[in-house]
């Protein structure tokens with residue numbers, strides 16, 4: 001089974017564990033709506049790809065990737081939760097997400113807040129249940145995922161910087177975007193028994209590239225290309241890489257960050273798997289951009 | 001050090017780990033504001049009391065209670081998170097909580113949503129870091145805490161039932177209130193190496209008593225007694241034990257639930273510790289009521 005299908009199945013299995021006839025129907029429906037159909041599933045794909053690239057080090061074959069499916073699923077659930085809350089009227093007040101009405105537009109604000117909360121909890125339950133046979137890795141995996149979400153440096157902190165009178169754009173983007181890529185890479189390495197430190201840098205650089213690309217897309221893409229309103233960040237006066245740079249300079253910084261990501265890959269990692277990683281992950285987000293800026 | 005002081009110190013230590021100069025200041029301040037000063041800290045007190053009552057079984061002395069401080073802290077952080085989100089305009093729209101302006105009134109809705117999110121994540125981080133020396137218990141502890149929070153039967157599900165056209169009042173109250181008491185008792189037992197199953201029933205019965213008492217307080221208490229608006233649940237048409245019962249009948253059900261809780265305590269548990277449990281926990285919420293209904 002390809003890793004994309006495995007991610008979808010694992011997300012569905014996680015949701016199935018907490019829905020069923022005893023759950024409040026609207027909440028269960030809203031959680032499912034928030035997770036499916038997905039976006040590009042970049043973060044979980046990256047997690048699996050890093051686990052795959054480290055597999056030969058672990059000498060344990062395919063079960064390493066299978067094990068990495070657990071944090072990959074948790075990270076995607078956290079990401080979905082952050083999108084649901086980010087779209088709320090008190091934040092971006094976005095009507096459209098992933099090409100369809102956002103969760104609060106369909107289910108109301110109360111259920112949207114709760115669906116986000118419940119997805120955060122589900123992410124943690126997924127980690128706990130998936131690590132039952134290897135509990136010794138669980139504290140590090142949990143810490144790795146939680147750091148990417150909570151303050152001081154995770155996505156929640158990233159959103160909270162938007163309520164401050166001033167913010168360092170590097171700190172903001174690292175928290176709001178790169179932290180989850182860092183976590184995805186580190187978790188993949190941890191599941192393969194590899195040192196997560198160099199992979200954190202790989203994730204950081206991919207995250208920086210993604211954020212710069214997202215800033216470009218916000219300004220340059222058509223709505224059908226990105227599945228959400230264009231120029232939304234500019235309208236909301238979000239700090240953007242384009243504030244002090246031209247699109248050409250930002251596009252150059254995307255390429256530079258990707259090269260730095262590649263250079264940070266440990267030499268002992270599987271080169272073929274790394275090529276697939278870049279095809280699957282970087283290629284995917286460049287492809288989605290469908291623009292010469294990302295050439 | 002008394003267990004009340006230990007709980008306050010442990011909550012502060014958890015918050016300190018995620019604040020500091022690199023965190024967004026408003027978010028860090030709002031999280032602290034949501035946690036201090038606390039309410040009665042019933043759930044963490046119950047967790048420690050159960051661990052204490054099981055201590056002789058574990059033959060490990062005081063470190064059992066120390067270890068139970070980890071889930072006790074996590075459970076209180078989850079509880080604080082639920083209060084912050086519950087007070088939001090899209091839910092109860094409550095201006096007052098614990099006798100002071102609610103988090104969204106002071107910091108705005110965006111920071112209130114994020115503070116709740118961050119407290120959920122912090123609860124999980126606290127579990128992960130506190131269990132680093134005993135990771136084999138972490139999956140069960142996490143599952144125990146998560147079940148009390150997420151769907152199908154935790155507090156988030158309890159709140160979500162309020163968005164449904166109809167609800168079984170027993171299901172609603174078990175999810176919205178009793179689930180956290182169940183989790184607190186079970187986690188205390190797990191930390192002492194005891195079977196959590198009988199303690200779940202103790203928690204369920206204490207939770208049922210607390211919910212019925214809360215329904216009484218909503219109708220009968222003065223605002224300064226409960227630190228939040230009175231008759232709020234009635235105004236919001238929340239399902240209440242008083243819908244189909246007289247106050248006298250509800251008061252009788254409180255006493256019956258407490259007796260059932262006491263009867264569910266395993267015979268091998270420390271009786272003296274159990275007396276302290278009832279003094280500390282049940283006595284505290286009856287005392288807070290300051291009303292003949294709770295006699």
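From the list A:37, A:71, the lone residue that is under 17 Å from the mean Cα position of the chain (by Cα), in a loop (DSSP other than H, G, I, E, B) and modelled with pLDDT of 95 or more is A:37. On the basis of being within 29 Å of residue B:102 (Cβ to Cβ), at pLDDT below 90 and surrounded by 15 or more Cβ atoms within 10 Å (Cβ to Cβ), does residue B:231 make the cut? The answer is no for residue B:231.
Would it be correct to say that residue A:220 is in contact with a helix residue (DSSP H, G or I) (Cβ under 6 Å, 6 or more places away or on another chain), within 30 Å of residue A:94 (Cα to Cα) and at pLDDT below 95? For residue A:220, the condition - in contact with a helix residue (DSSP H, G or I) (Cβ under 6 Å, 6 or more places away or on another chain), within 30 Å of residue A:94 (Cα to Cα) and at pLDDT below 95 - is not met. Do the conditions hold for residue A:127, that is, is it more than 8 Å from every other protein chain (Cβ to nearest Cβ) and crowded, with 22+ Cβ neighbours inside 10 Å? Taking the combined requirement at face value, the residue does not satisfy it. Right, residue B:205: part of a helix (DSSP H, G or I) and either within 14 Å of chain A (Cβ to nearest Cβ) or out of contact with any strand residue (DSSP E or B) (no Cβ under 6 Å at 6 or more places or on another chain) (or both) or not? Here the answer is yes, as residue B:205 does meet what is asked.
Taking the range A:236-295 as the range and being modelled with pLDDT under 65 and in a loop (DSSP other than H, G, I, E, B) as the test, the residues that pass are A:290, A:291, A:295. Look at the range A:16-32: where a residue is without any contact (Cβ under 8 Å) to a residue 40 or more places away in the chain and within 7 Å of chain B (Cβ to nearest Cβ), no partner that is loosely packed, with under 15 Cβ neighbours inside 10 Å and not in a loop (DSSP other than H, G, I, E, B) sits 6+ places away or on another chain with Cβ atoms under 6 Å. Please state which one of A:110, A:148, A:187 is surrounded by fewer than 24 Cβ atoms within 10 Å (Cβ to Cβ) and at pLDDT 95 or above. Being surrounded by fewer than 24 Cβ atoms within 10 Å (Cβ to Cβ) and at pLDDT 95 or above holds for just one of A:110, A:148, A:187, which is A:110.
Filtering the range B:101-113 to residues that are more than 9 Å from chain A (Cβ to nearest Cβ), out of contact with any strand residue (DSSP E or B) (no Cβ under 8 Å at 6 or more places or on another chain) and not in a helix (DSSP H, G or I) leaves only B:101.
What's the total number of residues in the range B:130-145 that are within 30 Å of residue B:26 (Cβ to Cβ) and at pLDDT 95 or above? Looking only at that region, the number is 2. Is there a residue being more than 10 Å from chain A (Cβ to nearest Cβ), buried (at least 24 other Cβ atoms within 10 Å of the Cβ) and assigned to a helix (DSSP H, G or I) anywhere in the range B:156-177? For the range B:156-177, residues more than 10 Å from chain A (Cβ to nearest Cβ), buried (at least 24 other Cβ atoms within 10 Å of the Cβ) and assigned to a helix (DSSP H, G or I): present.
Among the criteria (1) within 27 Å of residue B:209 (Cβ to Cβ); (2) more than 9 Å from chain A (Cβ to nearest Cβ); (3) under 17 Å from the mean Cα position of the chain (by Cα), the one residue B:94 does not fulfil is (3). The single condition from (1) at the interface with another protein chain (Cβ under 7 Å from one of its Cβ atoms); (2) assigned to a helix (DSSP H, G or I); (3) surrounded by fewer than 24 Cβ atoms within 10 Å (Cβ to Cβ); (4) in contact (Cβ under 8 Å) with a residue 24 or more places away in the chain that residue A:153 fails is (2).
Here is a yes/no grid of residues against (1) facing chain A (nearest Cβ under 7 Å); (2) within 18 Å of the chain's Cα centre (by Cα); (3) surrounded by fewer than 24 Cβ atoms within 10 Å (Cβ to Cβ):
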position: B:86; (1), (2), (3): no, yes, yes
position: B:98; (1), (2), (3): no, yes, yes
position: B:115; (1), (2), (3): no, yes, no
position: B:120; (1), (2), (3): yes, yes, no
position: B:132; (1), (2), (3): yes, no, yes
position: B:135; (1), (2), (3): yes, no, yes
position: B:142; (1), (2), (3): yes, yes, no
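The values are calculated or read from the model by the stated rules, or taken from the named source; none is laboratory data. As the structure is a prediction and not an experimental result, all values here were calculated from the model. We place every Cβ from the backbone using ideal geometry, glycine too, and count neighbours over all the protein chains shown.
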